[in-house]
Amino acid sequence: MRMKKLILILIAAFTFVSVARSAADHFFENDGVSLAVAATPGPPPLMVPLTLIQGAASKGAVCLDGTLPGYHFHPGFGSGANSWLIQLEGGGWCNTIRSCVFRKTTRRGSSKYMEKQLAFTGILSNKAEENPDFFNWNRVIVRYCDGASFSGDSQNEAAQLQFRGQKIWQAAMQELLFKGMQKANQALLSGCSAGGLASIIHCDEFRSLFPTSTKVKCLSDAGFFLDAVDISGGHTLRNLFGGVVKLQEVQKNLPNSCLNQLDPTSCFFPQNLINHVETPLFLLNAAYDAWQVQESLAPHSADPHGSWNDCKSNHARCNSSQIQFLQDFRNQMLNDVKGFSGTSQTGLFINSCFAHCQSERQDTWFADDSPLINNMPIAIAVGDWFFDRKTVKAIDCAYPCDNTCHNLVFK
């Protein structure tokens, strides 16, 4: 019997939530909207303390409010002592002065508000039965406090805002190299949501930190944000990304090979970035990504009368035309990865679920009832791909065929 569908709580916009996350509590945010995943039973997870990067300020590597950036590090052991997993934290973006000023008052814009400990679950777990391939690696979460997927480089003096995501990325990597990552014989850069986009943007840069003899790959979880048309015919996410790119001068850190062909905002969309990434990359994404359904396809601005509210809160309440709109979104996603999936070094796991961020949560990463494609859980798919045990191009049949999903239901 499959586990009951997870219940989520939709917390009102601009409500600041400060909690110590555990395996049970995981938030993804954008412009003040937070979604909290309901508790799942199990043993208490490994809690790892926050380390601030001393000396980062002298390099200009600071959070939106000028505070020091940070990370959580749990050392590897045994056969994993020289293997490194770097997880870039997600949590939306800020695209206007106002939204970035608000973000300064949260853990997404200031280390003053960051949890002093974070739970390491899923791909970060230190238990072999929860994380068979990476449990004994050096595992790191780099905290996200810049609002532009670790890729901005500018400031706004009047609003006292520092947009220093690129410098935070560089300072964090320098610190980890000094802590032993320079001796790595294998390394994986991963991230979820806005961190999943960051892992695509920084993938080749990460590869360049190591000698050619080091095995280096990248994983993007729920980071494949589509340049999609919303239900009103508008481009909600393009407008959001356009604000982020312009405000934080992100174009400085996007690949010239893309910028030579497209505008900077287009080059912030993964569909236009992935073919410029030379390092092996794995895309893990729900075909009906819960965040994109909520915030890109059917946001309140595109649906002022709330005709999509029932469908957004529970996919089982969608009518046939709404389901067709979502199927078209899935078809766009599959079309956008066609060329990418044609090369042998890339990996794919696109399941037909209403989910978001499946690598960090234990129940979706590797558990008795975790999501499957062709009887393969996500952890095994990623491990098989990383270690070249087999080619992994797992694409699910369309909704409603998959009964292994842990679909998010909003209250």
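Taking a straight line from the alpha carbon of K252, these lysines sit under 19 Å away, with near neighbours fewer than eight places off in the same chain left out: K59, K167. Mean-square fluctuations from a GNM of the chain, with a 10 angstrom spring cutoff on Cα atoms, peak among A228, A394, A316 at A316. The aspartates and glutamates whose alpha-carbon is closer than 18 Å to the alpha-carbon of K215, local same-chain residues fewer than 8 away aside, are D133, D204, E205, E278, D384, D388.
If you add up the charges near K215, with Lys and Arg at +1 and Asp and Glu at -1, over every other residue whose beta carbon is less than 11 angstrom from its beta carbon, what do you get?
Working: positive: R207, K217; negative: D388.
Net of charged neighbours comes to +1.
Considering only DSSP beta bridges whose two residues both sit in the chain, what percent are antiparallel, to the nearest 5? Could the numbers behind the result be given before it?
Numbers: 24 of 56 bridges.
That works out to approximately 45 percent antiparallel.
Sorting the segments 371-380, 194-203, 290-299 by their mean number of nearby beta carbons within 10 angstrom, highest to lowest, gives 194-203, 290-299, 371-380. Protein heavy-atom accessible surface, 1.4 Å probe, per residue over segment 47-395: 35 Å².
Here the extension length gained between D368 and Q261 equals 33.9 nm, from 0.36 nm per residue of separation less the Cα-Cα distance.
In the P(r) worked out for segment 315-411, what percent of Cα pairs fall beyond 20 Å?
Details: 1940 of 4656 pairs.
Result for the distance tail: 42 percent.
State the Cα centre-to-centre distance between segment 138-169 and segment 303-353 in whole Å. Each part's Cα centre sits 30 Å from the other's.
Using Cα-Cα distances under 8 Å and only pairs 6 or more residues apart, what relative contact order does segment 47-395 have, in percent?
Values: 755 pairs, mean separation 59.6, N = 349.
So the answer I get is 17 percent.
What is the local net charge at V245, summed over the other residues whose Cβ is closer than 14 Å to its Cβ (Lys, Arg +1; Asp, Glu -1)? The partial results should precede the final answer.
On the way: positive: R238, K246, K252; negative: D146, D153, D227, E249, D263.
Net local charge, V245 excluded: -2.
Could you please report the charge total around F386, scoring K, R as +1 and D, E as -1 over all other residues with beta-carbon less than 13 angstrom from its beta-carbon? So the surrounding residues net to +1.
The values are calculated or read from the model by the stated rules, or taken from the named source; none is laboratory data. Note that this is a predicted model, so its numbers are computed, not measured. Here Cβ is always computed from backbone atoms with ideal geometry, including for glycine, and neighbour counts include all displayed protein chains. Areas reflect the complete protein model, heavy atoms only, side chains present, ligands, DNA and RNA absent. Shrake-Rupley method; radii C 1.70, N 1.55, O 1.52, S 1.80 Å.
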